[in-house]
């Protein structure tokens, strides 16, 4: 199963420290989108994925698949929908590879990392 990890502490440049974290706002938008249209996906928040200079960040990972870290995302409902669509592509891909042109528009750029699947250690 694909896991979507959202940095809940992300703040885009210029965001006041007193304001709600942009990452938390994106997480809430993703959770609201999932309530409206459930998907077989595990979503979890984490504090800081070290993408601070390119916030908001999310990651996609699954056993035996390529993992992705995306940044420079807007904390809004449209981005949430596109993140979930991209997670769906990851979930249905046998190896997790996401063709740039197949990804939703807001996730065609901003890849911070693409990590190969973990090699079997046994």
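The values are calculated or read from the model by the stated rules, or taken from the named source; none is laboratory data. Everything quoted here is computed from the prediction, not taken from an experiment. FYI the Cβ positions are ideal-geometry reconstructions off the backbone, even for glycines, and counts take in every protein chain you see.
Given the conditions (1) touching a helix residue (DSSP H, G or I) at 6+ places or on another chain (Cβ under 6 Å); (2) under 18 Å from residue 82 (Cα atoms); (3) at pLDDT below 95, which single one is not true for residue 30?
Tallying (1) touching a helix residue (DSSP H, G or I) at 6+ places or on another chain (Cβ under 6 Å); (2) under 18 Å from residue 82 (Cα atoms); (3) at pLDDT below 95, residue 30 fails exactly one: (3).
Determine, yes or no, whether residue 67 is in contact with a strand residue (DSSP E or B) (Cβ under 8 Å, 6 or more places away or on another chain) and either more than 21 Å from residue 12 (Cα to Cα) or surrounded by fewer than 16 Cβ atoms within 10 Å (Cβ to Cβ) (or both).
Yes: the conditions hold for residue 67.
Within segment 33-50, can one find any residue that is surrounded by 17 or more Cβ atoms within 10 Å (Cβ to Cβ), in a helix (DSSP H, G or I) and more than 11 Å from the chain's Cα centre (by Cα)?
Yes: one or more hits.
Take segment 51-64 and flag every residue that is assigned to a loop (DSSP other than H, G, I, E, B), free of Cβ contacts under 8 Å to residues at least 60 places away in the same chain and surrounded by 15 or more Cβ atoms within 10 Å (Cβ to Cβ).
The answer is 55, 56, 57.
Taking the residues in segment 70-87 that are in contact with a strand residue (DSSP E or B) (Cβ under 9 Å, 6 or more places away or on another chain) and in a loop (DSSP other than H, G, I, E, B) as candidates, determine which candidate is surrounded by the most Cβ atoms within 10 Å (Cβ to Cβ).
In this case the residue turns out to be 73.
Would you point out which residue out of 23, 14 is assigned to a helix (DSSP H, G or I) and either farther than 20 Å from residue 84 by Cβ or under 12 Å from the mean Cα position of the chain (by Cα) (or both)?
Going through 23, 14 in turn, the sole match is 23.
Restricting to segment 50-67, and then to whatever is touching a helix residue (DSSP H, G or I) at 6+ places or on another chain (Cβ under 9 Å) and farther than 19 Å from residue 91 by Cβ, can you tell me which residue is modelled with the highest pLDDT?
Restricting to residues being touching a helix residue (DSSP H, G or I) at 6+ places or on another chain (Cβ under 9 Å) and farther than 19 Å from residue 91 by Cβ, the top hit is 57.
Among the residues of segment 88-122, which ones are closer than 15 Å to residue 1 by Cβ, in contact with a helix residue (DSSP H, G or I) (Cβ under 9 Å, 6 or more places away or on another chain) and part of a helix (DSSP H, G or I)?
Selection gives 89 alone.
Conditions first: (1) modelled with pLDDT under 95; (2) crowded, with 20+ Cβ neighbours inside 10 Å. Residue 17 passes all but one, so which condition is the exception?
For residue 17, the exception is condition (2).
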